[in-house]
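Student: This is the structure I want to talk about, given as structure tokens.
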Amino acid sequence: MQTTSSLADVWAAAPVPDPSAPPRAPSPEPARATPSAPPASADDGAPRVRPSRARDLLDLGGGARAIAARAALGTGLAAVYGLALGAREGGLAFLTHAAGVPAALVAVALVGLPSLYVVLSIFDAPLSIERAAGAAARGIASGGLVLAGLAPLAALYVVTSESAHAAALTGTLGLALGGLLGLRHLVSTLREALEEADSATRLVATLVQLGFGLFAVLLGWRIWTALLPLVGGA
Amino acid sequence: MTSPEANPVALLLRDPREVARRCLEEEKLRPLVLSSLAAVALGAAVFGAVVGSFRGDEQILFAAVKVPLALLGALVICVPAFHAIAASLGRPWPLRTVVALTIASAGRAALVLFAAAPVLWLAFDFGLGYHAAALAATGAYGLAGVAALGVLVRALGRGKHALTTAAAFVAVFLAAGGQTGWILRPYLVRPQTSDVPFLRDVEGGFAGALYQASRSSVGIYDRAAQHRDWSADPYGDPSRDRRPSYEPSYEPSYEPSYEPSYDPSHRRSREPMQQPYGAVDDEAPWTEPHPSRGRR
């Protein structure tokens, strides 16, 4: 069970060894006398990367508090992108955009996911409420993480572009990328949850998820164009 | 010969796989990152100085300062995006790893720029024309980008979404590098330009320049139409009459007869080149407009 306290632990710690990883091999320096020598690392040959904050953010486990914490963190990260978009006008635009960008992610989760759960349940898809909520939180977290990562680039374009159209275009591209990657995470998590279902149920679930994806794109776009002045809203 | 293991610069050049592994496992990062930063500062500065030498004088110093600044600025903007995109596509690397990978990749790219600088300088000295010079410098930058990608691709490995992640990295770097480069332009300046500012005023943007360049490539010169007083132009409005005379041309008919063997856009010693109105294909993101256009 992943709790918020363990979440905070991972965030606070510096180099956290992966408990599931095999023991680290001794220094590979002697074995790499030539440039073509293969890298010495874990048993499967892949480098061992220590757990990161991002991995914890995109984790699926945990109870209600952990899920809520991840969703809240994703929302906050998405707001950073909003701040970047608001930098063109400054002042109140900071707040407007910071509220508007995460609103679409939250709305898709709050409005769309219950409907998706109901439809999938009608077809007896093996999806629990907790799993659906975890998928939603993961989607929000993923979208927020990508949007926050793109925020400096968006700020650069939004502030330094002479034309408002160019600023709007670049801001919209970032929104689309963040939103789509968040949606991808949400849908892929749901698909993982439905792997145990029979083939007929999986087929129906796939169709339902396609419909949900379309709904999410349209709803997100509607909200962003309504709330974000940079892309023509408010 | 110094082994790549002992020399981080040699490691950057010879063994990108090992560089990627070190970054991922956060092993001996300090010498690697410091060497990469030094390579960025030196390699990009030398390359910038050579690009600035196309005009000479203070532009050599300006470009030598601005090219490393543009590169480092782009890296700063790229790191959070790389971190988020990699995590979202199945590689939740620590931020420290992403920073090290990005700097090491840039260091490798800067070493390639350093290697390309003498070739470019020699080409300038042999009288390479303005547009050919811009193309050659762009080509060198492209080669450097490929070298940098070598480190990133090896870090991504062969797992799921590796290609998508690499493509996203390239797109993000092009967007960030293009705009930071645009802000800090000009780099390549025509020799006959009398007064060169350290920075130009904000005009348009990188995305707009790409759009305009794509239209110019098919003979549509939007900005020429905007900036010209067509009522006083003996050739008339090009939107109604795109005759061949609006095409940028450096044919011998424009060359002064006393220096027939050189490209007229290169040598400082000659008179300003006679260009037809509307010849604005010098609007590449890093270039300076021709003085005959009178925009500064």
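Student: So, B:A10, is that one at pLDDT 90 or above and assigned to a helix (DSSP H, G or I) or not?
Tutor: No.
Student: Looking at B:G127 and the list (1) more than 14 Å from chain A (Cβ to nearest Cβ); (2) on the phi < 0 side of the Ramachandran plot, which single condition is not satisfied?
Tutor: Exception for B:G127: condition (2).
Student: If you don't mind, another one. Scan the stretch A:212-234 residue by residue and report those that are at pLDDT 90 or above and loosely packed, with under 14 Cβ neighbours inside 10 Å.
Tutor: A:L214, A:L218, A:R222
Student: Pairs, please: C-beta under 8 Å, at least 6 apart or cross-chain, first residue more than 12 Å from B:L32 (Cα to Cα) and in the stretch B:99-128, second charged (D, E, K, R) and surrounded by fewer than 24 Cβ atoms within 10 Å (Cβ to Cβ)?
Tutor: B:G127/B:D263; B:G127/B:R267; B:L128/B:D263
Student: In the set B:P31, B:P8, which member is touching a Leu at 6+ places or on another chain (Cβ under 6 Å), free of Cβ contacts under 8 Å to residues at least 40 places away in the same chain and farther than 24 Å from A:L153 by Cα?
Tutor: The unique qualifying residue is B:P8.
Student: Looking at the stretch B:159-191 only, could you name the residues that are open to solvent by 30 Å² or more (accessible area, probe 1.4 Å) and either of a type in the set (F, W, Y) or more than 16 Å from the chain's Cα centre (by Cα) (or both)?
Tutor: Correct list: B:G159, B:K160, B:H161, B:L163, B:T164, B:A167, B:F173.
The values are calculated or read from the model by the stated rules, or taken from the named source; none is laboratory data. None of the values given here were measured: they were computed from a predicted structure. Backbone-built Cβ (ideal geometry, glycine too); neighbour counts: all protein chains shown. Heads up: the accessible areas ignore ligands, DNA and RNA and are worked out on the full protein's heavy atoms, side chains in. Shrake-Rupley method; radii C 1.70, N 1.55, O 1.52, S 1.80 Å.
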